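See below for the structure under consideration.
The values are calculated or read from the model by the stated rules, or taken from the named source; none is laboratory data. These numbers were taken from a predicted model, which means no experiment stands behind them. Please note: Cβ atoms are built from the backbone with ideal geometry, for glycine as well, and neighbour counts cover all protein chains shown.
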């Protein structure tokens, strides 16, 4: 299994990105996560399974409940790979925007 | 706050997409790509050629203070439709990188805002990943250089 491909596929989905944002602030159970979405519970479970398989989420047993929390190491790994490339374009486009605002007034 | 510029690059694919929303009318966003003087202003490279029409060609060049060429790129336009789209090839000069195919889509969002979508297709997955990683690698090199600077200053101060 190509783990890295799975990571990129995992974050390509908007619901899964929303889940990552949710658990970023605190560990949550599957039920608590699902209550934030209109989608059916099994759909959310499937998303959690994918996120766990590619190690973006980690499970932690606490009594009878399983809590999901973010794996910051994995998150950092993907962010760092593409981020410098993104920043170059961000800066370039910021420049474009500020240059063109001059022409706007004319 | 969400970053304005987004890069999407799925693993195992030889393409990537860059999207950005601008606080500019689509006409101005397009002019930033079609008028040589303006392109020079925001790209920081000299525009040697920009024939904005089907089968027209383009060439950019950047020199350092000593006049040495530090960056050169050129290509051909396949479509050049004002305020809508540009399809062009892009080739970096004096590098082992193969030519890439680029689709620019210009979209009006409101009278005052617009969106640019750049879809870039590479010859291979390996080449795309290499291009993506270049700034990452450059960042590491820069950190190393800075470290060397600091170390050499330390040495000097000791000596």
Is it the case that residue A:74 is over 23 Å from residue B:20 (Cα atoms), in contact (Cβ under 8 Å) with a residue 12 or more places away in the chain and buried (at least 18 other Cβ atoms within 10 Å of the Cβ)? yes
Could you check, for the range B:77-89, whether at least one of its residues is outside any helix (DSSP H, G or I) and either more than 15 Å from residue B:30 (Cβ to Cβ) or within 12 Å of chain A (Cβ to nearest Cβ) (or both)? yes
Among the residues of the range B:92-111, write down those that are at pLDDT 95 or above and either part of a loop (DSSP other than H, G, I, E, B) or under 18 Å from the mean Cα position of the chain (by Cα) (or both). B:99, B:100, B:101, B:102, B:103, B:104, B:105, B:106, B:109, B:110, B:111
When the range B:39-80 is examined, which residues are found to be exposed (fewer than 14 other Cβ atoms within 10 Å of the Cβ) and out of contact with any strand residue (DSSP E or B) (no Cβ under 8 Å at 6 or more places or on another chain)? B:65, B:66, B:67, B:68
Count - residues of the range B:10-26 that are at the interface with another protein chain (Cβ under 7 Å from one of its Cβ atoms) and either farther than 25 Å from residue B:72 by Cα or out of contact with any strand residue (DSSP E or B) (no Cβ under 8 Å at 6 or more places or on another chain) (or both): 6
Go through the range B:27-76 and give me each residue that's free of Cβ contacts under 8 Å to residues at least 12 places away in the same chain, more than 13 Å from chain A (Cβ to nearest Cβ) and either part of a helix (DSSP H, G or I) or at positive phi (or both). B:67
